[in-house]
1. How much of Val226 can a 1.4 Å solvent probe reach, expressed as accessible area in Å² and rounded to 10?
2. So for each of 38-48, 114-124 I average, over its residues, the number of other beta carbons within 10 Å; can you give me the resulting order with the highest mean first?
Amino acid sequence: METSTLYERNQELLRRASEGDSEAEAALVEENLGLVRKVARRFLDRGTEYEDLVQIGTIGMIKAIRSFSPERGTVFSTYAVPLIIGEIRRHLRDEGPIKVSRIYKRQGMMLMCEKNRIAAEEGREAGVAELAARCGVSVEEAAISLDAMSPVTSLSDFVYGEDTVTYENVIPDEESERESERICDRVALTQCIHRLPEMWQKIVLMRYFRNMTQQQTATALGLTQVKISREEKKLLAALREELS
């Protein structure tokens, strides 16, 4: 199926899905399953089978379909990728090899906050016994809670003392952000390239994917090097505007 036809079909399915058409939603998931699989491959060898990752990522795709709005001014695939990534990452966090009680996670955050406060205000490292006394818990509970503050802690848990704010809202995950941005950029760029005129697509392919010089590209397309240079400037400007 040509890209333009696929884009138009996606738009029609999105419109129908937004109106509650379950068949359109299922068809849209099927049409975009390749995107889910591409994202899922990035999370291999983390304790979850590939097909399970695809199933989990599909949940993110469905959420994207149900929440997407054309008024966002964003290509659907670009919008869907972060939701797919988020669903998979949430699963990997919550299904880690060590299960920790939520109360210990909250106590651990409370203890860590107190530990950081003492370090900042008094310039010293507080011991477990002191932290336990200050926070009103036993030394044993403090030790368990602090141990719970490991990378397997779920960022979807609520911050201690809050009912609506999660750790994910207040602790930036730089690796996740960078990965999401890279994938989104690639998906957005691919979509933009496919919407370029055919000649511009050929120039992009030869110049940036096959590493051909302007003269080699000109020879292959039966044009002059000057013509290629001018067209390349135009298409790059068009891509910048589209992606800005």
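1. Using a 1.4 Å probe on the heavy atoms, I get roughly 80 Å².
2. Ranking, from highest mean packing down: 38-48, 114-124.
The values are calculated or read from the model by the stated rules, or taken from the named source; none is laboratory data. As the structure is a prediction and not an experimental result, all values here were calculated from the model. Quick reminder, even Gly has a Cβ in these numbers, built from the backbone with ideal geometry, and neighbours come from all protein chains shown. These area figures cover heavy atoms from the full protein model, side chains too; ligands, DNA and RNA do not enter into them. Shrake-Rupley method; radii C 1.70, N 1.55, O 1.52, S 1.80 Å.
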